[in-house]
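The values are calculated or read from the model by the stated rules, or taken from the named source; none is laboratory data. All values reported here derive from a predicted model rather than from experimental measurement. Positions of Cβ are backbone-derived with ideal geometry, glycine not excepted, and every protein chain shown enters the neighbour counts.
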Amino acid sequence: MEKLTILLVGSGGREHALAWKIAQSPLCGRLVAAPGNPGIEAVAELRDTKVTDVEGLVALAQQIAADLVVVGPESALEVGLADRLAELNIPCFGGSAQAARLETSKAFTKDFCARHGLPTAAYGVYTDAASAGAFLDTLTAPFVIKADGLAAGKGVVIAADRAEADAAVLDMLGGRFGSAGARVVIEEFMHGEEASLFAICDGQTAMLFGAAQDHKRAYDGDRGPNTGGMGTYSPPPVLTDALVDQAWRELIEPTVKGMAAEGCPYVGVLYAGLMLTESGPKLVEYNARFGDPECQVLMLRLESDLVPLLLAAAQGALAAAAPPVWREEAAICVVLAAEGYPDAPKTGGLISQEPDFGGEAVVFHAGTTLDAEGRLVAAGGRVLNVCALGATLHEARDVAYAALGTVSLEGGFYRTDIGWRALQHY
Ligand code: AMP
Ligand code: GLY
C-alpha cells in the first residue's frame, strides 16, 4: 500500500501520544503536526497553524496533499474543520460541527438522550433563574449545575447546598462563561464510580476502542479543584465486560444510530464519560475526541496499527476493518502539572532536560515549549505526561513514578495516587 501523508491537529499530550503511535505505522510516510509541541517534533514536522484556524489548516492539508487529517481537540471540530475538509474530499478523522454538539452543547446532548431513551441523569435546561429554581425544588442535594456550552472544563458546579446552587445558576446566567452560560443545565446527582469508554465511529458503524479511568481532581485523595485530568490508567477493572456490553447496547449503538437518523452522522471518537450507578452505566457526558490523558494510556496499550482504523473511520469503511488488538499489560499515565494549575498555572518553569526514562516509561509532552535559549520550559497547565506499561498496574505505577522522580519542573506537582481505586481492590 502506498504510504500516507497525515496531518495531525493539536498540541497536547493527547496529540503527542497519537503522533508517537501514528509515526510507528508502516502506513505513515509523512506526519505533519499543527501546531504540535517540542515532544511531537521528535516524530513529526511542525507547522505553526492554530487549531481553530480552519482556513489555515485546510490550506496546509492541501499544500502537503494530506491523505488523512486527524483532529485532536474539540475546539477545531466546533469551528467546522471537518466540514470544510469534507467539502474538499479530504478524509478527516473527526466529526462535523453538528455532530460535535454531543460535546459542545450539553443541552443538545441531554435532549438527544431524552429523544432516544438513553440512560442519563434527569435534567432541565433553563435560561432564567426562576424556572431553574423551580426545578431545583424537586431535587435533593448535592445539585449539579452546568453551563450549556464549552467552558474549558470549568462550567460544572456540584453544589453541596441550595444556596450554592442558586448562586451558581445566577453566576452562569449572569455571563461568567459568556455565551456558553446563556443556558444552564441542571441535573440529578448520580452516585457511583466514573469511567471513560471509547468508540471509533464512521457515521454508521461504531467499534469499541478501549476504556480508562481518569483522576479529575488536582490533589491526592481526589481533593481540590476539578482539572482536565491528572492521570489515567487502563484497563479499568471496575468497567467489567458485562458493563461495557450494557453501555454499548444502551448508549453507544443507539447514539450512533440516532445521530445518523437525525442527519448528522457521527465520525471520529465517541468518548462516553460513564457513571457506574447501582442501576447500571449512565451517561455523564459525551466528548467528540479522545480523552486527555486517557488517550495516552490507550496508545501505550494499543498493539495493532492505529492508522488503518483512523482511515477506515474517516472513509466510512469501519465495518470491514479489523478491531484493535490490545497488549495484556496495564498502562498508567501521571500528569506533571505547573504550579497553580488549574486556576492560574505558572508558565515558564524550567524542565530538566535529560530525565532518565529507563524501563518501560514513555514521556509525552503536553504544555511545553522552548525558550529563547532553547531550554524546555512549561507553557501550559499540564506540562508532561509520564506513562508506563507493566505486567500489572502495580508494576506500571512503579515504573512511571520512578521515572517521574528523575524529572524536575520548577514549582511543578503531580498526584502520587494515580490508579488508587484499582490498586486498592485488585
Ligand atoms: P462534565 O463536564 O459534565 O463531565 O462534569 C464534570 C464532572 O462533574 C464529572 O466528571 C462528574 O464527576 C461530575 N458530574 C457531572 N454531572 C454529574 C451528575 N449528574 N451526577 C454526579 N456527578 C456529576
Ligand atoms: N480527561 C478528561 C477529558 O479529556 O475530558
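A search for C-beta distances below 7 Å between a residue of segment 78-94 that is acidic (Asp, Glu) and any residue that is in a loop (DSSP other than H, G, I, E, B), counting only pairs 6+ apart in sequence or on different chains, returns GLU78/ALA97; GLU78/ALA100; GLU78/LEU150; ASP83/SER96; ASP83/ALA97. Of the strands (runs of 3 or more DSSP E) entirely within segment 203-278, those holding at least 2 residues that are of a type in the set (A, V, I, L, M, F, W, C), touching an Asp or Glu at 6+ places or on another chain (Cβ under 7 Å) and under 22 Å from ALA100 (Cβ atoms) occupy 206-214, 266-277.
A quick yes/no check of all residues on (1) away from ligand 2 (no atom under 14 Å from the Cβ); (2) of a type in the set (Asp, Glu); (3) surrounded by fewer than 21 Cβ atoms within 10 Å (Cβ to Cβ); (4) within 14 Å of GLY203 (Cα to Cα):
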residue: PRO236; (1), (2), (3), (4): no, no, no, no
residue: ASP245; (1), (2), (3), (4): yes, yes, yes, no
residue: TRP248; (1), (2), (3), (4): yes, no, yes, no
residue: LEU270; (1), (2), (3), (4): no, no, no, yes
residue: GLU294; (1), (2), (3), (4): no, yes, no, no
residue: PRO308; (1), (2), (3), (4): yes, no, yes, no
residue: GLN315; (1), (2), (3), (4): yes, no, yes, yes
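The residues listed here are ALA132, ALA147, ALA100, ALA122; of these, the one that is surrounded by 19 or more Cβ atoms within 10 Å (Cβ to Cβ) and over 28 Å from ASP83 (Cα atoms) is ALA132.
Restricting attention to segment 400-411, the residues being over 23 Å from GLN424 (Cβ atoms) and either crowded, with 21+ Cβ neighbours inside 10 Å or of a type in the set (A, V, I, L, M, F, W, C) (or both) number 2. Taken as a whole, the condition of being surrounded by 16 or more Cβ atoms within 10 Å (Cβ to Cβ), modelled with pLDDT under 95 and within 20 Å of the chain's Cα centre (by Cα) applies to THR227.
Conditions tested, residue by residue: (1) surrounded by 24 or more Cβ atoms within 10 Å (Cβ to Cβ); (2) small (Gly, Ala, Ser); (3) in contact with an Asp or Glu (Cβ under 8 Å, 6 or more places away or on another chain); (4) farther than 23 Å from ARG375 by Cα.
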| site | (1), (2), (3), (4) |
| --- | --- |
| LYS21 | no, no, no, yes |
| ALA33 | yes, yes, yes, no |
| ASN37 | yes, no, yes, no |
| VAL51 | no, no, no, yes |
| LEU57 | yes, no, no, yes |
| GLN62 | no, no, no, yes |
| VAL71 | yes, no, no, yes |
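Beta carbons closer than 8 Å, at least 6 apart along the sequence or on distinct chains, pair a first residue in segment 277-292 that is aromatic (Phe, Trp, Tyr) with a second that is modelled with pLDDT of 95 or more and more than 13 Å from ligand 1 (Cβ to nearest atom) for TYR286/THR255; TYR286/LEU270; PHE290/ARG14; PHE290/LEU18; PHE290/GLY72; PHE290/PHE198; PHE290/VAL269; PHE290/LEU298.
Go through segment 279-292 residue by residue and tally those that are closer than 20 Å to ALA100 by Cβ and within 10 Å of ligand 1 (Cβ to nearest atom).
Matching residues across segment 279-292 total 5.
Just to verify a result, which residue in segment 111-140, among those that are of a type in the set (A, V, I, L, M, F, W, C) and farther than 15 Å from VAL169 by Cα, is modelled with the lowest pLDDT? In this case the residue turns out to be ALA122.
Here is a yes/no grid of residues against (1) crowded, with 24+ Cβ neighbours inside 10 Å; (2) at pLDDT below 95; (3) within 16 Å of ligand 1 (Cβ to nearest atom); (4) not charged (D, E, K, R):
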{"residue": "ILE200", "(1), (2), (3), (4)": "yes, no, no, yes"}
{"residue": "GLY203", "(1), (2), (3), (4)": "no, no, no, yes"}
{"residue": "PHE209", "(1), (2), (3), (4)": "no, no, no, yes"}
{"residue": "ALA212", "(1), (2), (3), (4)": "yes, no, yes, yes"}
{"residue": "HIS215", "(1), (2), (3), (4)": "yes, no, yes, yes"}
{"residue": "ASP220", "(1), (2), (3), (4)": "no, no, no, no"}
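The rows are residues; the columns are (1) within 16 Å of ligand 2 (Cβ to nearest atom); (2) of a type in the set (A, V, I, L, M); (3) not in a helix (DSSP H, G or I).
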site	(1), (2), (3)
ALA97	no, yes, yes
THR109	yes, no, no
ALA134	no, yes, no
ASP166	no, no, no
LEU170	no, yes, no
PHE189	no, no, yes
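Among the conditions (1) within 13 Å of ligand 1 (Cβ to nearest atom); (2) surrounded by 17 or more Cβ atoms within 10 Å (Cβ to Cβ), the only one that PRO265 does not satisfy is (1).
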